[in-house]
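Structure first, commentary second.
The values are calculated or read from the model by the stated rules, or taken from the named source; none is laboratory data. Note that the structure is a prediction, hence the values are computed from the model and not measured. Cβ sites come from the backbone with ideal geometry, for glycine too, and all protein chains shown count toward neighbours.
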Amino acid sequence: MAVLSDPISDFLTRVKNAGLARNESFTAPFSKIKAEIARILQAEGYIWSFEVTGEGKDKVIKVKSKYNAKGKSIITNVKRCSKPGRRHYVTSSEIPTVMNGLGISIVSTSAGLMTGAKARKEQVGGELLAIVW
């Protein structure tokens, strides 16, 4: 397996590609931040479920993709905003509204990972990780 310089981007790309390929589920190496991103995606209705399996270095996240009645993926696209080489920090007033409320932004704040709407409501800013629609 190749060494990844941006594991969050890898996870988000796997989410998008699983939907485009119409895969029922996919796995990704485990990390706490990926599990939090999966939790947010599940809470917002973008994926059916996720589970963490394995022990130690063999831990993986198994994500079950969600599709509409026509068989099209709920997740249309994912954009990684903050990258390891160029971090993107925003205040609560600068958090973008994605497609007039049809998408979500994922923000890493001092209170943990949360959606952009929740961060705006709690008036906390942070690192804008990704935009999902």
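Conditions tested, residue by residue: (1) surrounded by 15 or more Cβ atoms within 10 Å (Cβ to Cβ); (2) assigned to a strand (DSSP E or B); (3) not assigned by TED's automatic domain parsing to the domain that holds ALA111.
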site	(1), (2), (3)
LYS34	yes, no, yes
ALA38	yes, no, yes
GLN42	yes, no, yes
SER49	no, yes, yes
ILE61	yes, yes, yes
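What about ASP10, is it farther than 23 Å from GLY101 by Cα and touching a Leu at 6+ places or on another chain (Cβ under 6 Å)? So ASP10 passes the test. Select from segment 15-32 the residues that are under 13 Å from the mean Cα position of the chain (by Cα) and in contact (Cβ under 8 Å) with a residue 40 or more places away in the chain and write down the one among them that is surrounded by the most Cβ atoms within 10 Å (Cβ to Cβ). Per the criteria, the residue is VAL15. Yes or no: GLY101 at pLDDT below 95 and farther than 24 Å from ASP10 by Cβ? When the stated conditions are applied, GLY101 passes them. Among the residues of segment 63-84, those that are surrounded by 13 or more Cβ atoms within 10 Å (Cβ to Cβ) and over 30 Å from GLU94 (Cβ atoms) comprise LYS64, SER65, TYR67.
Residues in segment 67-119 that are touching a residue at least 24 places away in the same chain (Cβ under 8 Å), over 27 Å from ALA21 (Cα atoms), touching a Ser or Thr at 6+ places or on another chain (Cβ under 9 Å) and in a loop (DSSP other than H, G, I, E, B): PRO84, HIS88, ILE95, PRO96. So which residues in segment 75-112 are aliphatic (A, V, I, L, M), out of contact with any Gly (no Cβ under 8 Å at 6 or more places or on another chain) and farther than 30 Å from GLU24 by Cβ, if there are any at all? If the condition is that a residue be aliphatic (A, V, I, L, M), out of contact with any Gly (no Cβ under 8 Å at 6 or more places or on another chain) and farther than 30 Å from GLU24 by Cβ, then ALA111 is the only one that fits. If you go through segment 61-76 and pick out every residue that is touching a strand residue (DSSP E or B) at 6+ places or on another chain (Cβ under 8 Å) and not aromatic (Phe, Trp, Tyr), you end up with 9. Within segment 122-132, can one find any residue that is in contact with a helix residue (DSSP H, G or I) (Cβ under 9 Å, 6 or more places away or on another chain), modelled with pLDDT of 95 or more, farther than 19 Å from GLY19 by Cα and charged (D, E, K, R)? Yes: one or more hits.
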